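Here's the structure we're looking at; comments come further down.
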Amino acid sequence: DWTPENMVTEAIDSIRAQVGDRRVLCALSGGVDSAVAAALVQRAIGPQLTCVFVDHGLLRQGEAEQVKTDFVAVTGVDLVVADEKDRFLGALAGVSDPETKRKIIGAQFIRTFESQAREIAGDKGIDFLVQGTLYPDVVESGGGEGAANIKSHHNVGGLPEDLQFTLIEPLRQMFKDEVRAVGLQLGLPEEMVWRHPFPGPGLAIRIIGEVTEDRLDTLRQADAIARYELAAAKLERDIWQFPVVLLADVRSVGVQGDGRTYGHPIVLRPVTSDDAMTADWARLPYEVLEKISNRITNEVPEVNRVALDITSKPPGTIEWE
Ligand code: XMP
């Protein structure tokens, strides 16, 4: 019968049977699915697995450290970190168009991942690639083998198209709640297991306008406050996602103390949803919104105004870009 323990045991057996003594590679994104998939494979075949984390500098506060430190401490996984912040920011310089940002980040990610893969593989080669495909992904994309590829263009953590690997998909039979239960069973940190979905291009598509280091800093601070207050109010699990968006090309007049300010607005976009296809704006309690707004305008220097997005999807999308 279904328990997280049984799920883990079963997954481990089938991974061992599939892999034998060959080598496995896994791209970690910071998300729940890739983390749980990697942790399972690690339990099954330990030193035959190497994980790659491409740090593109577009994650939220503390998330890269969570992968680099906490995840490694809990799982003992062999992790290669590619610190590519400068390269990603360099490639994004001067770019404001949303789809161009996605293309640049996707291409850069694949380039980095490929070069890491070749370095790790050496002459021996790598035989398998771990993918955190869930059951709903399989169904959504038609259910055939390799069906996960259909989504991969939309997912920066996805599979480089011209790399030849066999996929290991230990979460292929699982729903999200089962993946979380397995993650907890494997000892992964709660913040990682309960993390909201986060887009592959990261904060780059939550800065409306050009992506720069300063703007990322500003957004990271505002986002960390919103996440902290949501968690403090114990509402994290009631909402689907909570994008925090910086309108970097917009300024508005404000007043602080005796002085006039001319700063940027932050938009809060908390939504409820079952599958991200449709969504509704989350009715967060006024006290929570008030706390978030006060803290952001007091603590984040460039921001003098906080707005709440009350658009459903459709017609609005969840992300602003
Ligand atoms: P939208 O904004 O289209 O988002 O309502 C639907 C879901 O998809 C996520 N999203 C992305 N995920 N790469 C991703 O991996 C992307 O480029 C991307 N754009 C949107 C979004 O966060 C939401 O969960």
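The values are calculated or read from the model by the stated rules, or taken from the named source; none is laboratory data. As the structure is a prediction and not an experimental result, all values here were calculated from the model. Virtual Cβ from ideal backbone geometry, glycine too; neighbours counted across all protein chains shown.
Considering each of ARG215, ARG227 in turn, give the residue that is within 16 Å of the ligand (Cβ to nearest atom) and assigned to a helix (DSSP H, G or I).
Values: ARG215 fails: within 16 Å of the ligand (Cβ to nearest atom).
Going through ARG215, ARG227 in turn, just one is within 16 Å of the ligand (Cβ to nearest atom) and assigned to a helix (DSSP H, G or I): ARG227.
So that you can scan it fast, the table gives a plain yes or no per residue for (1) surrounded by fewer than 23 Cβ atoms within 10 Å (Cβ to Cβ); (2) assigned to a loop (DSSP other than H, G, I, E, B); (3) not aromatic (Phe, Trp, Tyr):
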{"position": "CYS51", "(1), (2), (3)": "no, no, yes"}
{"position": "LEU59", "(1), (2), (3)": "yes, yes, yes"}
{"position": "ALA64", "(1), (2), (3)": "yes, no, yes"}
{"position": "ALA82", "(1), (2), (3)": "yes, no, yes"}
{"position": "ASP86", "(1), (2), (3)": "yes, no, yes"}
{"position": "ALA91", "(1), (2), (3)": "yes, no, yes"}
{"position": "GLU99", "(1), (2), (3)": "yes, no, yes"}
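Which of the residues spanning the range 266-286 are touching a residue at least 12 places away in the same chain (Cβ under 8 Å) and more than 24 Å from the chain's Cα centre (by Cα)?
Within the range 266-286, just PRO285 meets the criteria.
For ALA17, indicate whether it is within 19 Å of GLY132 (Cβ to Cβ) and not assigned by TED's automatic domain parsing to the domain that holds ALA222. Talk me through it step by step, then tell me what you get.
Values: within 19 Å of GLY132 (Cβ to Cβ): no; not assigned by TED's automatic domain parsing to the domain that holds ALA222: yes.
Answer is no for this residue.
Which ones in the range 13-44 are closer than 15 Å to LEU167 by Cα, assigned to a helix (DSSP H, G or I) and of a type in the set (A, V, I, L, M, F, W, C)?
ILE15, ALA17, VAL19, ALA37, ALA38, LEU40, VAL41
Taking the range 233-259 as the search range and keeping residues that are basic (Lys, Arg) and closer than 15 Å to GLU191 by Cα, which one is nearest to the ligand (Cβ to nearest atom)?
Taking the range 233-259 as the starting set, the residues that turn out to be basic (Lys, Arg) are 234, 237, 251.
Cutting the leftovers down to closer than 15 Å to GLU191 by Cα gives us 234, 237.
Details: LYS234: 22, ARG237: 16 Å.
The qualifying residue nearest to the ligand (Cβ to nearest atom) is ARG237.
Can you tell me which residue within the range 277-321, out of those that are more than 16 Å from the ligand (Cβ to nearest atom) and of a type in the set (D, E, K, R), is nearest to HIS196 (Cα to Cα)?
That would be ARG283.
Which one is farthest from the chain's Cα centre (by Cα), of the residues in the range 187-229 that are surrounded by fewer than 21 Cβ atoms within 10 Å (Cβ to Cβ) and hydrophobic (A, V, I, L, M, F, W, C)?
Step by step, filter the range 187-229, then rank; the result is ILE208.
Please indicate, with yes or no, whether at least one residue in the range 248-255 is out of contact with any Phe, Trp or Tyr (no Cβ under 6 Å at 6 or more places or on another chain), part of a helix (DSSP H, G or I) and not hydrophobic (A, V, I, L, M, F, W, C).
no
In the range 244-272, which residues are surrounded by 17 or more Cβ atoms within 10 Å (Cβ to Cβ) and out of contact with any helix residue (DSSP H, G or I) (no Cβ under 6 Å at 6 or more places or on another chain)?
Restricting attention to the range 244-272, the residues satisfying the condition of being surrounded by 17 or more Cβ atoms within 10 Å (Cβ to Cβ) are 244-248, 261, 263-271.
Of everything in the range 244-272, those that are surrounded by 17 or more Cβ atoms within 10 Å (Cβ to Cβ) and out of contact with any helix residue (DSSP H, G or I) (no Cβ under 6 Å at 6 or more places or on another chain) turn out to be LEU247, THR261, GLY263, HIS264, PRO265, VAL267, LEU268, ARG269, PRO270, VAL271.
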